[in-house]
Structures are given as structure tokens and as C-alpha cells.
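> Can you read through this structure? Questions will come right after.
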Amino acid sequence: MLEFAILGLLQQSPMHGYELRKQLASVLGGLRSISYGSLYPALKRLHAAGLVAIAEPGPGELLPADAPPLTGRRGKVVYTITAEGKERFQELVSQAGPEAYDDGGHFGVHLAFFRHTAADVRLRILEGRRRTVERQREGLRTSLARTRERVDRYTLELQRHGLESVDREVRWLSELIDRELTDSAPTDRERRDAAAGDDGTR
């Protein structure tokens, strides 16, 4: 997941390590925080695999004023995605299997880079995520019905809160899916043009 997010950000522009960490906080903020202790090993792996290139700045180049104090030279390195890295990123954004909408954080990363994702893949991921969350909702409803009489009111409220959160996610996903379907539907003009083309070929 982290490598996917790094490649996605570098696809947009080259970055220093501290810039990457700041952008990753935006992309993964709700999922987990990224420390330099996990970022730099991930960058090292990507570099070893030929997916990321590194460049040292010129002697007169300074770090921006908001750069955190970093030890060594690693904060001065600029990371750039390679052609192989771009190919790998395209492979990752094209994945629409269960790993793209599970609860391990992959769904959030995929969603963050949906603008790079084909429309049919976006729809499969959203529908897969909705099915996953709907199954969770059914499990919570069953659990709530089974334990309602045996738990104290605080535990009951906690379970209700969890169910409400899942309900909200299902509604949100349904809205996203409806928008995808609306955006991909042919316009009246496109339908007329298609019909005219069909008539002309008969």
C-alpha cells in the first residue's frame, strides 16, 4: 500500500522525502501516519527495484524553509518515478480484485488515485467495496439482535454507533457508484450520433 501511494505521488511530480511524507499524510491520513522510519525503507526498496530514481541537488540548492531538520543527506535527495515505476503504477491502479477494496487500507489509496484509474475499474472497485461493507453491516445487525438483551446500554450504544457508521459508508458508496454510472452514460447527442452511424452503415 505504501509503495503504491509513493508511486502515485511521484507520478504527479518529483519530491524530497519530507514532501512525500507530507503528501502521504494527506492521502493516507485517515488510514495511518507515515514515519520516516517506514518511508525511507520503502523508497530504498522502490529504488532497488528500478521504480524510483534519486538525484542529489546542486551545491547551491537549499531546502524550503518549512523542511523539518533531518539528519544526514537523505532530506536533500529528490525522488523521481522511472518509466518502470510508471508501468508498475498503471498495473496497481488497474487492479480491481478484493485487495483493492478490503479493510487493509488499499481502498483508500485506490480512491485517492481514481483520476488515474479507468472508469470500468473504478466502478468494479466501488461495487466491490460496497458488497464488502454490506456484508459487515449484516454481521453487525445479526450481532446486535443476538446480544441486545445481554449487554449493558453502553455496549449497546457502541454497537449501534458501529452500525450507523457502516450504514453511512454504504450510502456514500452508493452515491459514488450512481455518479460513476451517470458520468459514463452516453449523452442524448452521443446516442443520436451512434444511431445515425448505424443507419448510415446499413
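> What are the ³J(HN,Hα) couplings of the range 79-89, residue after residue, when phi is run through the Karplus curve with 6.51, -1.76, 1.60 and θ = phi - 60°? Round to Hz, x for glycine and proline.
Per-residue couplings from phi come out as 9, 10, 6, 8, 4, 5, x, 5, 5, 5, 4 Hz.
> Right, another one. Kindly state, to the nearest 0.05, the FRET efficiency for residue 179 paired with residue 142, given R0 = 30 Å and r defined as their beta-carbon distance.
So the FRET efficiency works out to roughly 0.45.
> Another one. With θ taken as phi - 60° and the coefficients 6.51, -1.76 and 1.60, list the Karplus ³J(HN,Hα) couplings across the range 127-134 in order, rounded to whole Hz; mark glycine and proline as x.
For the range 127-134, the Karplus-derived couplings read 5, x, 5, 5, 4, 4, 6, 5 Hz, x marking Gly and Pro.
> Separate question: Could you tell me which GluC sites (Glu not before Pro) in the range 102-159 are loop residues by DSSP with no more than 16 other beta carbons within 10 angstrom of their beta carbon?
149
Any read-out appearing in this document is the output of simple, stated calculations on the displayed coordinates, not a laboratory observation. Computed from a prediction, not measured in an experiment: that's the story for all the values here. No Cβ is skipped: glycine too gets one built from the backbone with ideal geometry, and neighbour counts run over all protein chains shown.
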